[in-house]
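Take a look at the structure set out below.
Read the figures in this text as sums done on the coordinates, not as results from a lab. Here the structure is a predicted model, which is why all the values come from computation and not from measurement. Note: ideal-geometry Cβ built from the backbone for every residue, glycine included; neighbour counts use all protein chains shown.
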Amino acid sequence: MSETMQFIFEIMGTIAFSVSGAMVAVEKKMDILGISILGLTTAVGGGVIRDLILGITPPATFQNPIYAVIAIITAIIVFTPYVQRIFEKNPIYYERVMLIMDSIGLGVFTVVGINAAYTTGYEDNIFLLFFVGVVTGVGGGVMRDMMAGDRPYIFVKHFYATASLIGAASCIIIWNIFGQAIAMLVGTIVVVVLRFMAAKFRWSLPKART
């Protein structure tokens, strides 16, 4: 995958996760600073954790602030009265947009995490590839939910982390057969499709009984 295509992938994920973080902040009636921070944290949180695991210091977010800038700008756009009125008048849009953005962010950052592990020379460590991919995908969302005072999405909503795991597996398997670009594209699509299907058919993992 060319650097340009990889950059586009990362920007897509950054925007998608920033929107989901900002939407949660708006629902919680946070001010513009809180919305900006939650959007930023959701967008870059998983990547920061990934880089620390891989020994990339300072994390890429601090080496190239473009991702942070885009995340904050995106969050502020969600904060504007016009966008807020859309969700207020059409509450069903909130769930739909949240599902779409969170799914895209999860899919994109899962494969971006795997790519980072490959790039730093860990292509033979399958467990690390899986772990870093999933952590990059779900890390920002977990931080978002904790900061918003909610139970992390990955533990209660359909099968969130499971979709990331299956997408990571697809990416890793295809990587050595068809190459980086196709592997990352397929891995992303698998995650997004699984999230949509889980939402439509109410798929979920077994839960503890009280």
Report task. Over the chain, calculate the relative contact order: mean separation of alpha carbon pairs under 8 Å at least 6 apart, over the residue count, as a percent. Result -> 23
Query raised in the report: Which value in nm describes the separation of the simple spin-label points at I77 and I56, placed 7 Å from the Cα toward the beta carbon?
Result: 2.4
**Report entry** Positive-end extreme of charge dipole, the chain - chosen from Y67, I100, V44 (charges on Cβ)
**Finding:** I100
Requested in this report: Using +1 at the Cβ of each Lys and Arg and -1 at the Cβ of each Asp and Glu in the range 3-201, identify which of I86, M197, N176 lies farthest towards the dipole's positive end.
Outcome: I86
Report summary line: Per residue, the convex hull enclosing the Cα atoms of the range 3-201 spans a volume in Å³ of 108
Query - Alpha-carbon centroids, the range 29-55 and the range 150-176: separation in whole Å - result: 19
**Report entry** the range 15-28 - phi-based ³J(HN,Hα) in whole Hz, Karplus 6.51/-1.76/1.60, Gly and Pro as x
**Finding:** 5, 4, 6, 5, 4, 5, x, 5, 5, 5, 5, 5, 4, 7
Report task. Between L205 and N90, take the C-beta separation as r, use R0 = 25 Å, and let me know the FRET efficiency to the nearest 0.05. Result -> 0.25
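Only four residue types carry charge here, +1 at the Cβ of Lys and Arg and -1 at the Cβ of Asp and Glu. Report the dipole size of the range 1-108 about the Cα centre in Debye, rounded to the nearest 20.
With Lys and Arg at +1 and Asp and Glu at -1, about 240 debye.
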Report summary line: Ranked output for segments 167-176, 91-100, 75-84 by mean other Cβ atoms within 10 Å, highest leading, reads 167-176, 75-84, 91-100
Report summary line: Taking only the alpha carbons of the range 2-58, the radius of gyration and the largest Cα-Cα distance, Dmax, both in angstrom, are 13.2, 41
Query raised in the report: Order of 39-48, 123-132 by packing, highest average Cβ count within 10 Å first?
Result: 39-48, 123-132
Report summary line: In debye to the nearest 20, the charge dipole size for the range 3-201, taken about the Cα centre with +1 at each Lys and Arg Cβ and -1 at each Asp and Glu Cβ, equals 560
Report summary line: In terms of the charge dipole of the chain, which places +1 on Lys and Arg and -1 on Asp and Glu at the beta carbon, the residue among V26, G55, N125 farthest towards the positive end is V26
Query raised in the report: When N counts the residues of the range 54-140, how does its alpha-carbon radius of gyration compare numerically with 2.2 N^0.38 Å, as a ratio?
Result: 1.38
Query raised in the report: Between F178 and I11, what FRET efficiency follows from the Cβ-Cβ distance if R0 is 35 Å, with the result rounded to 0.05?
Result: 0.90
